[in-house]
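Here the structure is laid out as C-alpha cells; the discussion comes afterwards.
The values are calculated or read from the model by the stated rules, or taken from the named source; none is laboratory data. Worth saying up front: this structure is predicted, and the values here are computed from it rather than measured. Quick reminder, even Gly has a Cβ in these numbers, built from the backbone with ideal geometry, and neighbours come from all protein chains shown.
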C-alpha cells in the first residue's frame, strides 16, 4: 500500500501529528509510536535515515526540533520518500511562513488538510506546492 | 463562566494542556474538556460544533478514547457550509475506520456530496471515500466514482483515480469497469492526474491479469513517450525539485514500466532506450536524482535481460556503494541482493566493500551487508570470508551477535572444504559466542567430530585448551565435556598428534578436574550437568585410578531435585560400585554417528520450517544441505507432519534405537517372521558378538535423548534395562532375564518365553478392481502394544505390475515400521504375491484402534498407477 503512516514527533517523544493509512487500535498506535521514536532518537547524524521495524521500513528526517517519520512497505523507494518528506516540509513552510512546531500544534487541522491533499490512501497524489495550497488558501479566504 | 466550556477555542485548550506539569494533570484537563464536549453534544449545540470536533481530534491524537464524537462528525458532514463539512470529513477520517457501523450512515451524505456542484466538496467526499470506505460502500458508490474519472476539473479527476484504487482493492470484481477510464488517464498532461493515473494502472495490473495485458498492448508507447517528455522537459517552477522536473512522476512511471516489462520480452524492448537515457543522463549529486537512479536500476533488474543495460545498472550500484552518504549505501546494498540473482559475478567484484560494510557503525547497514555476504559465499571464498566474519564477531555488539553467529554457523556447515577446518572454525565461534549457538548446531558438530576419527586427538586437545579459557560459553562446555569423556585417554596420552599442534601435558586428574569445573560452574543447566555426569562415568572406565574421586563427585548429585540428574547419579553409582566387571564393556568408545541419517532427520523435522520461512526472495536455503529424507511426510493430510511416523523400510539406525526404546527388549526375542534389514541391525545390537555398538547405543540414546529433552526417563531406563540384560545373556538371545541385579528395587519386566499371542482374524485391508491387500496379524506375548502385520498383495488384473511400492502412514499415537517387500514385481491374475512385513506399536492400545492410510504405486504397461486408501477396520484391540 505504499505509505502506512506519517508521524511528526518532537525530541521529547510527544506526537504532534499522526496520520495512519491502515487501521490500528489506540494501544497499538501508542506502542508503535513509542518503539519507533525510541529507535530514531537513539541514532546520530551520521547514520542512515532508514530503520527496519517488524515488516516495514521507517524513513525519518529531523528538522529542527521535530522528527518526521514515514512508515512504508518494504518495496517502496526509500530515497523518494525522503524527497517527499522534504516536499511536505517545504509546503508547510510556504503556507505558514517559516513553519515551526508550534504552528503545527495550533493549526493542526490545516496541517492535516495539507497532508490530505498530498497523500491519499497511502499513495502520493499531488507534488506541486501550488496545487496543494490552492484549496487551503481558498478556504482561509472564505472563512 | 466555566473556563472549560465549549466556548474555549482550540488554542486555549492546547495551551492549558501544555501548561500541565504531570500526566495526572493532563488527564484531568482532558477529562474536563471531554465532559464539556459531551454536554455540548447532548444539547445539540450548533455554533461550536466544529470547534469541539477540532478539540476532539487533538485529544484523540494524544491517545484518549473519543468515540462519543463520532455522531458529531456525521452531523457536521450533513451540514451545508464548507468549513463544517471540511472538519466533519477530517474527523471522519481520523476518528473512524472502516469497521465501524457508523460508517454506513455516511453513505448517503457521501452520495449527495459526490454529486454536488461545488468541486471542492466533491473532492472532499472523494478523499474521505478513498481513505476509509468499506466493501459495501465501495460497491454502492463505484458508479459515481467512475463517472467522476472524466470530470472536467483535474483535481477531482486525480482524487477519483486514487479513490478507484481503494475500490478495486476492496472489490476486485469491479476492476474491469475501470480499465478503460484508467488508460485514458495516462494520456493526460496534468501531473497530478498522471501520477494518480499511473498508480491506478499499477494497482489494476496487480489485481487483474487482463488489465495487465490490455495496458501492455495499448499503453506502453504512450508511457515511454511521457517519460521521455518529462526527462527532457525544460525547467518548470511548479514541479521542479533540485533541478529535476517532478521526480515523483519519474519514479512512478518507472515502477509501472517495471510491472509491465516483467516477464514480457517485447515490452522490455520498448523500454530499453528510455531506461538507458534515464540511467545515464540523470544527475546524481542530489537525493532526487539518486532516487530516480535507484528506481531505474530496480526496473532494469526486473525486466527481461538486456546485457548492456544490466552492466549499466551494476556500475551505478558500484558508484552508490562507494558513496559516503549512508542512505545511498543502504539502498545500494538492498539492490545488490536482488542483483545477485541476476549476475553473481559482478557482485563478487564488490566483495571487499561489502565486507567493510559489515563492520560499519550503522546498525541498518550492518544488517543488510551481513545478509548480502551470506549470499555471496561459495566454495572458493568461504575461508577468507569466514575468517573476517569471525574476527568481527569478537568486537560486535550483543544484539548483532545472535544474527552473526547463526549466519557463520550455517556458512561453515554448508561450505566447509575439510573437516579440520570446520572443527577449527566451530571451536572459535563457540569460544566467542557459544551462548548464541543453537542446539542443532553443536549436535551437528558432535556428529562431525565422531566421524573424523583421525582428528579425535586433535579435537579433544583443542577443546581442552579452549575450555580452560572460556568456561562461560554453554555450548562450548557441553561439546568439551562430551569429547573429554569420549576421548579422555587420547588427551592424556597425546594420541594422534598432528604436526601443527604443540604438545600439552594433561594428567588423568586434570581431566576429572575439568569435568568437575563444568558441573560446579553451571549449576543451573540440566543438560550440561547431565552430560558431565556421563562423561565422568566414561572417564572412570578409562582411568580406573580416579574412580574413587569420580564416585564422590557423582554421589553429590544423588539428592538433586532434578529427576534426570538424580536418576543418573544413582545408576552410575550402582555401576561403579557393584558392576566393575561390565563397566569397561559398557563404556567403550561410541560408534560413528551416521551423518546422513542425522542430517536427514534434522532436515525432515525442519521440513515445515523451511516451507514457511521468509528469508530472501531467492532459492537458497540456509544451512540444510541434504534434502528431507522422510518419504511419507507429505502423504496427505494426516493432521501434522510429525503425526505421520516415517516408515523407513531401510531402517534408520538411530531412529530404531529411539523408537524401540518404548517397547522393551521383546523385539528380538522371537518374531515369527524372520526380521529383515531394519530389525537385523537391532538383533545385531542385542546379540553378544558385537558388544561395542550395543553398549554405546545406550549412551547414544542417552546423549541424543537428553539433548532433545523429549524422551521420558522411562525410556532411558528401558534402554539400559534391555541392553544390560545382554552380558548375562551370554548364550541365547531369546531367553529373557530378570532385571533385578542391575536396578535395585525395580521388579523384573516379565518376559515369557515366546508363544504366539491371541490370534486375530486376517483382514482384507484394501481391495480394488485391480489389487487386493490382505493383512495377517500376530502379537508377541508380553508386548500387547506391538502388532506384527504381514501384508500380502495379490494382483487381480491380467497385467503384470512392476516397480511395486507400498507406503503407509499412521497418526501420532502409532508407530510404524516397514520392512522391505519380498519383491517389487507382482505377477498377473494372482499367480504370485508380494509380502511385506509391518510392525505397528500402539501407545493407546485398548483405547484407540489402529488406523492407517496407504498408498500403492506401480507400473502397469509402462503407465504409472497410484492407488490410495484408508484402512479403518482393524480389529479393536490391536
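When you check residue A:44 against the structure, is it under 23 Å from residue B:362 (Cα atoms), at the interface with chain B (Cβ under 10 Å from one of its Cβ atoms) and out of contact with any helix residue (DSSP H, G or I) (no Cβ under 7 Å at 6 or more places or on another chain), yes or no? So residue A:44 passes the test. Of everything listed in (1) surrounded by fewer than 13 Cβ atoms within 10 Å (Cβ to Cβ); (2) assigned to a helix (DSSP H, G or I); (3) facing chain B (nearest Cβ under 9 Å), the single unmet condition for residue A:30 is (1). Condition check: surrounded by 15 or more Cβ atoms within 10 Å (Cβ to Cβ), under 21 Å from residue A:4 (Cα atoms) and more than 9 Å from chain A (Cβ to nearest Cβ). Does residue B:160 satisfy that? Judged against the criteria, residue B:160 is a match. Here residue B:106 fulfils each of the conditions (1) surrounded by fewer than 21 Cβ atoms within 10 Å (Cβ to Cβ); (2) closer than 30 Å to residue B:31 by Cβ; (3) not assigned by the TED database to the domain that holds residue B:37 apart from (1). Scanning segment B:128-150 for residues that are at pLDDT 85 or above and facing another protein chain (nearest Cβ under 10 Å) gives no hits. Annotation note: of B:821, B:808, the sole residue that is modelled with pLDDT of 80 or more, assigned to a strand (DSSP E or B) and within 40 Å of the chain's Cα centre (by Cα) is B:808. In this structure, residue A:82 qualifies as modelled with pLDDT of 85 or more, over 23 Å from residue B:190 (Cβ atoms) and within 7 Å of chain B (Cβ to nearest Cβ). Filtering A:72, A:59 for residues that are in contact with a strand residue (DSSP E or B) (Cβ under 9 Å, 6 or more places away or on another chain) and more than 10 Å from chain B (Cβ to nearest Cβ) leaves a single hit, A:72. Considering segment A:58-143, the qualifying helices (runs of 4 or more DSSP H), each wholly inside and each with 2 or more residues that are under 14 Å from the mean Cα position of the chain (by Cα), run over A:78-96, A:101-106, A:108-118. Filtering segment B:783-800 to residues that are in contact with a helix residue (DSSP H, G or I) (Cβ under 8 Å, 6 or more places away or on another chain) and in a strand (DSSP E or B) leaves B:794, B:795. Scanning segment B:93-102 for residues that are under 15 Å from residue B:75 (Cα atoms) and either in a helix (DSSP H, G or I) or more than 14 Å from chain A (Cβ to nearest Cβ) (or both) yields a count of 3.
To keep it simple, each residue is scored yes or no on (1) assigned to a helix (DSSP H, G or I); (2) more than 21 Å from residue A:116 (Cα to Cα); (3) more than 41 Å from the chain's Cα centre (by Cα).
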residue	(1), (2), (3)
B:104	yes, yes, yes
B:108	yes, yes, yes
B:131	yes, no, no
B:156	yes, no, yes
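Count of segment B:59-72 residues, restricted to those that are more than 8 Å from chain A (Cβ to nearest Cβ) and free of Cβ contacts under 8 Å to residues at least 24 places away in the same chain, is 0. Every condition in (1) more than 11 Å from every other protein chain (Cβ to nearest Cβ); (2) in contact with a helix residue (DSSP H, G or I) (Cβ under 8 Å, 6 or more places away or on another chain) is met by residue B:123 except one, and the failing one is (1). Tally up the residues in segment B:242-254 that are surrounded by fewer than 20 Cβ atoms within 10 Å (Cβ to Cβ) and facing chain A (nearest Cβ under 10 Å), please. Counting residues in segment B:242-254 that are surrounded by fewer than 20 Cβ atoms within 10 Å (Cβ to Cβ) and facing chain A (nearest Cβ under 10 Å) gives 1.
Scanning segment B:379-400 turns up at least one residue that is within 14 Å of chain A (Cβ to nearest Cβ), surrounded by fewer than 20 Cβ atoms within 10 Å (Cβ to Cβ) and more than 24 Å from residue B:479 (Cβ to Cβ). Condition test on residue B:295, is it in contact with a helix residue (DSSP H, G or I) (Cβ under 7 Å, 6 or more places away or on another chain), closer than 29 Å to residue B:257 by Cβ and in contact (Cβ under 8 Å) with a residue 60 or more places away in the chain? It is false that residue B:295 is in contact with a helix residue (DSSP H, G or I) (Cβ under 7 Å, 6 or more places away or on another chain), closer than 29 Å to residue B:257 by Cβ and in contact (Cβ under 8 Å) with a residue 60 or more places away in the chain.
Within segment B:560-590, the set of residues being loosely packed, with under 14 Cβ neighbours inside 10 Å and in contact with a helix residue (DSSP H, G or I) (Cβ under 7 Å, 6 or more places away or on another chain) comprises B:562, B:563, B:584.
For segment B:338-379, enumerate the residues that are closer than 23 Å to residue A:50 by Cα and assigned to a loop (DSSP other than H, G, I, E, B). Result: B:350, B:359, B:360, B:361, B:362.
Considering only residues that are within 14 Å of chain A (Cβ to nearest Cβ) and modelled with pLDDT of 80 or more, which ones fall in segment B:23-50? B:23, B:26, B:30 - these are the residues of segment B:23-50 that are within 14 Å of chain A (Cβ to nearest Cβ) and modelled with pLDDT of 80 or more. Counting only helices (runs of 4 or more DSSP H) that sit wholly inside segment B:262-337, those with at least 2 residues that are within 10 Å of chain A (Cβ to nearest Cβ) are B:287-302. From the list A:92, A:105, A:120, A:139, the lone residue that is more than 10 Å from chain B (Cβ to nearest Cβ), surrounded by 15 or more Cβ atoms within 10 Å (Cβ to Cβ) and either touching a residue at least 60 places away in the same chain (Cβ under 8 Å) or out of contact with any strand residue (DSSP E or B) (no Cβ under 8 Å at 6 or more places or on another chain) (or both) is A:92.
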